[in-house]
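Here is the structure we will look at, set down as structure tokens.
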Amino acid sequence: MKQFLLILGVVFIATVIPVKSQSPYKVSIYTRAMEVRNMEDTSWLHQTWATISSQLEVDKIYLEIHRDQLFIEPEKMQLVIDFFKKQGIEVAGGITFTIDESNNFETFCYSQPEHLKMAQDIVERCASLFDEIILDDFFFTSCKCNVCIRKKGDLTWDAYRLKMMTDVAKNVILAPAKAINPHVKVVVKYPNWYAHFHELGFNLETEPALFDGLYTGTETRDAIHSNQHLQPYLGYQLFRYLEALKPGHNGGGWVDTYGSPTFDRYAEQIWLTLFAKAPEMTLFEYSAMASPIRRTMIAPWSNQETSFNYPGFETIKKSMASAAQHALNAISPVIPQLGNPVGLKSYRPFHADGEDFLESYLGMIGLPVAIVPEFPDNEPMVLLTEQAAEDSEILRKMDRQLQSGHDVVITSGLVRVLQKRGLDQIVDITYTDRKALVHDYLMRFRTVPGDKDILIPQLEYYTNDSWEIISAMGNGLGWPLLHRGSYGEGNLYVLTIPDNYRDLYDLPAEVLNLIRQTLTQSMSFQLQGTSQVALFLYDNQTMIVESFNDQPVDVKVITSEKPEQLIDLVTSKVLERTVIPEVRFWGRMLSPEQYAFQIHLPPHSFVALKVK
């Protein structure tokens, strides 16, 4: 032990503390228990920290005390804490409540007294060492052992687990931690699969009020070649949703290096986290940051002028820490200039099922969708997907919104559920058991050809009770893709969702433009162009347009308000403005005169803009 302390002292002297730049966010690294254990080898600690700190400006480090039944003894942890504090690094504790991640992410069984005792012991040890503790991803349970089955009884799994995990949070985690250390701040980090939280016991209704803070897993990795198929927009969207659950207490976002096919895809996850205005960016995990970069992550489009800027990224003898820093450098001029995010509010009741993760697909077609936990009264437009049916009062709330002169857009999935509960009192539309294979689209008496067949549900309605805005056509017939019915002083719109959500990306640009124009008509700017391009809007007349396409794309942002100038926040270039004439039909204004700004986006790149 004395030898260990002596060597650590040498390390303190030898390690150069990087100069921190002023930034609106912190950069943190999470260290798993196995890496903390490795830090007992001071030469390994010195070497890895020298690698990381020479390539990445780090403000904070999380040191994990338990994962997979690996415990770090307090006296050994204290030595590591002392080391990083002497480097000028803020230190916090971490806990992962897993038994064996390699066994299908085996969690604790909170039905069993011995696991409850172990969990309490872990948190008490951690609280004795740290004034801040984060619970990584796994504060849930997937256990269905015989004990769980017996205790669950006639309850559903979600009802049993939601109550149990709330009790565990109160009595096993928070009360014991604060008994040991009254000043400790306990933060629960939520993973990226929010639509399924309730089934495994993550309780978004009770936990935000109990815990001192929340944290967001914003990693989305590869949307295609992974089991989750999470869309890139989810990282931004999820941070904003959790921020709405406990405003001012969503501590940051968290990404890892795993599963990203290119450096751009890794960088995008960092960018989206900070575009969402996260106050801290945590990079998982320490050994990955110290590992050599994978040259296989260099994208085929690396010779183009992308936002990641491959020519400026030196890969020889560098670690993944350098890739993270390079990604952060790309947005460092942008983040301080952004206001508060705004968007089309989508109401998600607690513990809701239906059209899982659909909001992120809508974000990927240029709709700036913001998930909120309460019905947003008096918004100009409210988006309701099938999950809104969890609220037994949803029809009454829709009625109130429409009669007050505001609009509502619902998805075909919500039509399917609400048609049995009285939707016909607002608009008489039916989700049938038939499907249609559609290819082309009829809008404003003009047919727009599509590129592929898309399977959609067939909706039926009464002529003149409501009307199609966009008809999806197949073999000479058409069905609603975007539909409208008037009610009270407002309009109820219906958006038909393809059976495969990604087919939304294959809708023609003209079809997407009309969907965007209709759903975001009250917003200052709208996107025009192809899919897999996202629009991020802020309340200080700034915006970001980001493409997730593998090819260059040209898009436009349009507005009905004549801006003096639209300026690139990084280059100060003034974008050229063109006029889009007003559109009338039978003497009625369909679209006012608008102003368009052309934007060229290389693959996986963004542009940040400001109205002047």
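Worth a mention:
- Qualifying residue in region 483-491 (condition: under 18 Å from residue 414 (Cβ atoms), in contact with a helix residue (DSSP H, G or I) (Cβ under 8 Å, 6 or more places away or on another chain) and among the polar types (S, T, N, Q)): yes
- Flag for residue 137 being surrounded by fewer than 21 Cβ atoms within 10 Å (Cβ to Cβ) and either more than 25 Å from residue 351 (Cα to Cα) or under 24 Å from the mean Cα position of the chain (by Cα) (or both): no
- Members of region 168-180 that are free of Cβ contacts under 8 Å to residues at least 40 places away in the same chain and surrounded by 14 or more Cβ atoms within 10 Å (Cβ to Cβ): 174
- Comparison of 286, 347, 310 shows that the only residue that is free of Cβ contacts under 8 Å to residues at least 60 places away in the same chain, among the hydroxyl-bearing types (Ser, Thr, Tyr) and in contact with an Asp or Glu (Cβ under 8 Å, 6 or more places away or on another chain) is 347.
- Counting only strands (runs of 3 or more DSSP E) that fall entirely inside region 500-560 and contain at least 1 residues that are among the aromatic types (Phe, Trp, Tyr), buried (at least 18 other Cβ atoms within 10 Å of the Cβ) and under 23 Å from the mean Cα position of the chain (by Cα), the qualifying elements are 533-538.
- Pairs where the first residue, in region 207-219, is touching a residue at least 24 places away in the same chain (Cβ under 8 Å) and over 16 Å from residue 197 (Cα atoms) and the second is part of a helix (DSSP H, G or I) and among the β-branched types (Val, Ile, Thr), C-beta under 8 Å, 6+ apart: 210/166
- Output for region 325-359, where each listed residue is surrounded by fewer than 18 Cβ atoms within 10 Å (Cβ to Cβ) and on the phi > 0 side of the Ramachandran plot: 351
- Inter-residue pairs, beta-carbon under 7 Å, first farther than 9 Å from residue 347 by Cα and in region 367-392, second among the basic types (Lys, Arg) and part of a helix (DSSP H, G or I), 6+ apart: 367/516
- Considering residues of region 377-415 that are closer than 21 Å to residue 515 by Cα and more than 27 Å from the chain's Cα centre (by Cα) only, the residue surrounded by the fewest Cβ atoms within 10 Å (Cβ to Cβ): 405
- Pairs where the first residue, in region 405-426, is of a type in the set (Lys, Arg) and the second is surrounded by fewer than 23 Cβ atoms within 10 Å (Cβ to Cβ), C-beta under 6 Å, 6+ apart: 416/431
- Listed by first and then second residue, the pairs with beta-carbon distance under 7 Å, at least 6 apart or on different chains, first residue in region 589-600 and without any contact (Cβ under 8 Å) to a residue 24 or more places away in the chain, second not in a strand (DSSP E or B), are 589/582.
- Residue match in region 469-484 (condition: surrounded by fewer than 16 Cβ atoms within 10 Å (Cβ to Cβ), more than 24 Å from the chain's Cα centre (by Cα) and touching a residue at least 40 places away in the same chain (Cβ under 8 Å)): yes
- Residue match in region 339-348 (condition: at pLDDT below 95, within 25 Å of residue 542 (Cβ to Cβ) and of a type outside the set (A, V, I, L, M)): no
- All positions within region 274-300 that are in a loop (DSSP other than H, G, I, E, B), under 22 Å from the mean Cα position of the chain (by Cα) and farther than 30 Å from residue 539 by Cα: 285
- Condition met for residue 95 (modelled with pLDDT of 95 or more, in the same structural domain as residue 176 (by TED's automatic domain parsing) and within 20 Å of residue 320 (Cβ to Cβ)): no
- Residues located in region 248-296, provided they are closer than 22 Å to residue 341 by Cα, of a type in the set (Asp, Glu) and crowded, with 24+ Cβ neighbours inside 10 Å: 268
- Across region 181-208, the qualifying residues are those that are among the aliphatic types (A, V, I, L, M) and closer than 13 Å to residue 242 by Cβ, and the one among them that is surrounded by the most Cβ atoms within 10 Å (Cβ to Cβ) is 188.
- Here region 361-371 is the region considered, the condition is being under 13 Å from the mean Cα position of the chain (by Cα) and not in a helix (DSSP H, G or I), and the residue that is surrounded by the fewest Cβ atoms within 10 Å (Cβ to Cβ) is 370.
- Listed by position, the strands (runs of 3 or more DSSP E) inside region 165-267 whose residues that are modelled with pLDDT of 95 or more and among the β-branched types (Val, Ile, Thr) number at least 3 are 185-190.
The values are calculated or read from the model by the stated rules, or taken from the named source; none is laboratory data. Just so it is clear, the model here is predicted, and its values are computed rather than measured. Don't worry about glycine lacking a Cβ; one is built from the backbone with ideal geometry, like all the others, and counts go over all protein chains shown.
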